[in-house]
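Read the structure below first, then the notes.
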Amino acid sequence: MKNIYFDNAATTFVDGKVLDTMLPYFSDEFANPGGSYTAAKRAKKAVEDARECIAKIIGAKTSEIYFTSGGTEGDNMLIKGMVYSLRPYRNHIVTSVIEHNAVLNTCKYLEKQGSSVSYIPTDKYGFVDMNRLKRSINRHTAIVSIMMANNEIGTIENVEEIGRICRSMKVPFHSDCVQAFGHIPVNVNKLGIDMISISSHKIHGPKGVGAVYIKDNLSIYPLIHGGNQERGMRSGTENVAGIVGFAMAAKLAHEKMTDNYMYCCRLRNYIINRLRKEFDDVMLNGPDCTMEKMSGTRLPGNINISFKGVSGYSIVDELSKRGICSSSGSACSQSKKGPSHVLMGIGLGEERASSALRLSIEPENTFDEADYVISCLKEIIKQ
């Protein structure tokens, strides 16, 4: 049986160079970075070198980077930390209806604690309604949180415009950049973002490690208290091997970004065009990247399609029997069967939302693999 992995938005394999970089920190260089002896200082230097690497890639200062366990912790840390530091006078949050559950469930939790939340709608492609966003911000707004690129439909939001709006209204702007980082340029200064969350395992790094950027003029209440690691913002012994691996993965992704972007766009558009040719009732969800005017508005590796009258979960199961890994939505919500909140949020009906299939590709995927996946889909949909 073939083994074809088309679920790279959920996670990616660890690159061999990344693994080689990490291995010494499990054995020979195992010291705790908090120690005062030579081996500990070497571990500390490895963490700080990694911090500098991440900072350079996103155009930040090293003092603005804090390591975390991943995107979910980062979203919680920044949204809760900002609200906790400003309430009760500023206890309002602005976000969108298609955010990752790490953001939406954090907002729901804060609502139970007395915060108010404005959930901004999007158009049919997933682009945030800027006028509604602007009208929703008020003197009580503690934070605006809008993701840079959607994990299900690949929509790349106009975060630069959102940043301008937030700066003009003097409101901190957070963006979940987990899906964007390493795939498209993320420069916090150019984009006008005050806080971002990023993760390692989406870019061929290890799971369980990520980072946040916090602009140095912001004061955020820490969620984890302990031994004052990460300058008191995120206590707990540093995951040195993971942090070093994350930095190497980020470096490799940054160096290869242009070539990877171009290749994935070609493969993505090839698959979409072939699906449209082979199936009468296939519908692309999110921006139509095959149109020139929308070519840069979707993540290069994202394909989200619906097949009329067929369950997305059934398609995923049938593809799995043929050695193909895919998904019907976010990996974090697969245990909860039902239509995607993202697809419902962009106005799709329940039937179309429930028939969605997400294929997320990387440069390691080939055109031959794409042809095999399409041939399998022809069998499955016919059944």
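The values are calculated or read from the model by the stated rules, or taken from the named source; none is laboratory data. Keep in mind it's a predicted model, so treat the numbers as computed, not measured. Here the Cβ is made from the backbone with ideal geometry for all residues, glycine too, and neighbour counts use every protein chain on show. These area figures cover heavy atoms from the full protein model, side chains too; ligands, DNA and RNA do not enter into them. Shrake-Rupley method; radii C 1.70, N 1.55, O 1.52, S 1.80 Å.
For segment 337-365, what are the residues that are among the polar types (S, T, N, Q) and either open to solvent by 20 Å² or more (accessible area, probe 1.4 Å) or in a loop (DSSP other than H, G, I, E, B) (or both)? Explain how you work it out, then say what you get.
Pass one, segment 337-365, residues among the polar types (S, T, N, Q): 340, 354-355, 360, 365.
Answer for segment 337-365, where residues must be among the polar types (S, T, N, Q) and either open to solvent by 20 Å² or more (accessible area, probe 1.4 Å) or in a loop (DSSP other than H, G, I, E, B) (or both): Ser340, Ser354, Ser355, Asn365.
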Self-check item: Residue, most open to solvent (accessible area, probe 1.4 Å), within segment 50-76, restricted to residues that are out of contact with any strand residue (DSSP E or B) (no Cβ under 6 Å at 6 or more places or on another chain) and closer than 16 Å to Thr106 by Cα
Solution: Thr72
Quiz item: Out of (1) at pLDDT below 95; (2) within 21 Å of the chain's Cα centre (by Cα); (3) of a type in the set (A, V, I, L, M), the odd one out for Ala356 is which?
Solution: (1)
Quiz item: Is it fair to say Ser295 is closer than 30 Å to Val83 by Cβ and hydroxyl-bearing (Ser, Thr, Tyr)?
Solution: no
Quiz prompt | Any chance Lys215 is open to solvent by 50 Å² or more (accessible area, probe 1.4 Å), under 22 Å from the mean Cα position of the chain (by Cα) and either farther than 30 Å from Phe367 by Cβ or not charged (D, E, K, R) (or both) | solution = yes
Exercise. Give me the pairs, please: first residue somewhere in segment 155-167 and basic (Lys, Arg), second residue anywhere and open to solvent by less than 30 Å² (accessible area, probe 1.4 Å), beta-carbon distance under 9 Å, and either six or more positions apart or on two chains.
Key: Arg164/Gly192; Arg167/Phe173; Arg167/Gly192; Arg167/Asp194
Exercise. For segment 253-265, state whether one or more residues are in contact (Cβ under 8 Å) with a residue 40 or more places away in the chain, in contact with a strand residue (DSSP E or B) (Cβ under 6 Å, 6 or more places away or on another chain) and hydrophobic (A, V, I, L, M, F, W, C).
Key: no
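Please work out if Ile120 is touching a residue at least 24 places away in the same chain (Cβ under 8 Å), β-branched (Val, Ile, Thr) and open to solvent by less than 10 Å² (accessible area, probe 1.4 Å).
Working: touching a residue at least 24 places away in the same chain (Cβ under 8 Å): yes; β-branched (Val, Ile, Thr): yes; open to solvent by less than 10 Å² (accessible area, probe 1.4 Å): yes.
Taking the combined requirement at face value, the residue satisfies it.
Criterion first (open to solvent by 20 Å² or more (accessible area, probe 1.4 Å), of a type outside the set (A, V, I, L, M, F, W, C) and assigned to a helix (DSSP H, G or I)) does Ser36 satisfy it? Step through it out loud before you land on a result.
Details: open to solvent by 20 Å² or more (accessible area, probe 1.4 Å): yes; of a type outside the set (A, V, I, L, M, F, W, C): yes; assigned to a helix (DSSP H, G or I): no.
When the stated conditions are applied, Ser36 does not pass them.
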Quiz prompt | Near pairs, Cβ below 6 angstrom, 6+ apart or cross-chain, from segment 347-374 (touching a residue at least 24 places away in the same chain (Cβ under 8 Å) and under 17 Å from Gly126 (Cβ atoms)) to any residue that is open to solvent by 10 Å² or more (accessible area, probe 1.4 Å) and in a helix (DSSP H, G or I) | solution = Ala353/Met344
Exercise. Tally the residues that are open to solvent by 10 Å² or more (accessible area, probe 1.4 Å) and of a type in the set (Gly, Ala, Ser), restricting the search to segment 81-101.
Key: 1
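Restricting attention to segment 277-330, and to residues there that are among the aromatic types (Phe, Trp, Tyr) and not in a strand (DSSP E or B), which single residue is most open to solvent (accessible area, probe 1.4 Å)?
In the first step, residues of segment 277-330 are kept if they are among the aromatic types (Phe, Trp, Tyr); the result is 279, 307, 313.
Retained after the next criterion (residues that are not in a strand (DSSP E or B)): 279, 313.
Numbers: Phe279: 23, Tyr313: 48 Å².
The qualifying residue most open to solvent (accessible area, probe 1.4 Å) is Tyr313.
Based on this model, can you work out whether Ala241 counts as within 20 Å of the chain's Cα centre (by Cα) and not in a loop (DSSP other than H, G, I, E, B)? Spell out the reasoning first.
On the way: within 20 Å of the chain's Cα centre (by Cα): no; not in a loop (DSSP other than H, G, I, E, B): yes.
So Ala241 does not fit the description; no.
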Quiz item: With (1) without any contact (Cβ under 8 Å) to a residue 40 or more places away in the chain; (2) open to solvent by 60 Å² or more (accessible area, probe 1.4 Å); (3) assigned to a helix (DSSP H, G or I) as the list, and Lys17 as the residue in question, which single condition is left unmet?
Solution: (1)
